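Q: Below you'll find the structure I mean.
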Amino acid sequence: MSTLYEKLGGAAAVDLAVDNFYQKVLADDRFKAFFANTDMDRQKQHQKMFMTYAFGGSDTFSGRSMRVAHKDLVDNMGLTDMHFDAIAENLVATLNELNVPQDLIDEVVTIVGSVQHRNDVLNR
């Protein structure tokens with residue numbers, strides 16, 4: 001059985017999706033301010049590593065935990081459920097534009113939109 005990572009198209013597909021996703025994010029007034037002082041090349045690389053791990057393309061993830069990575073955004077910039085939902089909305093739009101089949105989009109949403117993931121990102 002292949003992993004979601006393989007079903008999505010592997011490294012090339014994740015790279016393209018993350019690059020397109022951040023184009024949307026940086027143009028979205030709901031949260032582009034969160035990235036004003038972010039090294040976007042580093043951010044994209046981190047996101048690609050996380051997605052590769054989350055979708056089964058790697059057994060390890062060496063980045064910071066979601067809780068640690070987002071703590072300052074929650075504590076000092078007001079990151080909320082609304083922002084989490086907006087990020088998910090942009091991710092789904094990106095995957096739709098890349099013609100990812102709906103069943104795979106549903107798998108992605110199940111993984112990245114889980115209650116545990118949301119709670120980690122929002123430090124609850």
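Quick note: the coordinates plus some simple rules give every number you see, no bench work behind them. This is a predicted model, so every value here is computed, not measured. Heads up, the Cβs are rebuilt from the backbone with ideal geometry, glycines too, and the neighbour counts pull from every protein chain shown.
Q: For the stretch 97-109, which positions are more than 12 Å from the chain's Cα centre (by Cα) and part of a helix (DSSP H, G or I)? Before you say what the answer is, go through the steps one by one.
A: Here is the first cut: in the stretch 97-109, the residues more than 12 Å from the chain's Cα centre (by Cα) are 97-107.
Listed by number, the residues that qualify are Glu97, Gln102, Asp103, Leu104, Ile105, Asp106, Glu107.
Q: Separate question: Give the residue, chosen from Asp39, Asp103, that is among the acidic types (Asp, Glu) and within 15 Å of Thr3 (Cα to Cα).
A: Asp103
Q: For the subset of the stretch 1-60 comprising residues that are in contact (Cβ under 8 Å) with a residue 40 or more places away in the chain and among the aromatic types (Phe, Trp, Tyr), which member is farthest from Asn96 (Cα to Cα)?
A: Phe34
Q: Here is a check on your reading of the model: is Lys71 part of a helix (DSSP H, G or I), farther than 20 Å from Val121 by Cβ and more than 15 Å from the chain's Cα centre (by Cα)?
A: Judged against the criteria, Lys71 is not a match.
Q: Restricting attention to the stretch 52-67, and to residues there that are hydrophobic (A, V, I, L, M, F, W, C) and in a loop (DSSP other than H, G, I, E, B), which single residue is farthest from Ile105 (Cα to Cα)? Full working, then the answer.
A: Our first condition is that a residue be hydrophobic (A, V, I, L, M, F, W, C); within the stretch 52-67, this holds for 54-55, 61, 66.
Pick out the ones that are also in a loop (DSSP other than H, G, I, E, B) and you get 55, 61.
Details: Phe55: 12, Phe61: 22 Å.
Here the answer is Phe61.
Q: Moving to a separate point now. In this structure, is Thr94 outside any loop (DSSP other than H, G, I, E, B), closer than 15 Å to Phe55 by Cα and among the β-branched types (Val, Ile, Thr)? Write out each step before concluding.
A: On the way: outside any loop (DSSP other than H, G, I, E, B): yes; closer than 15 Å to Phe55 by Cα: no; among the β-branched types (Val, Ile, Thr): yes.
When the stated conditions are applied, Thr94 does not pass them.
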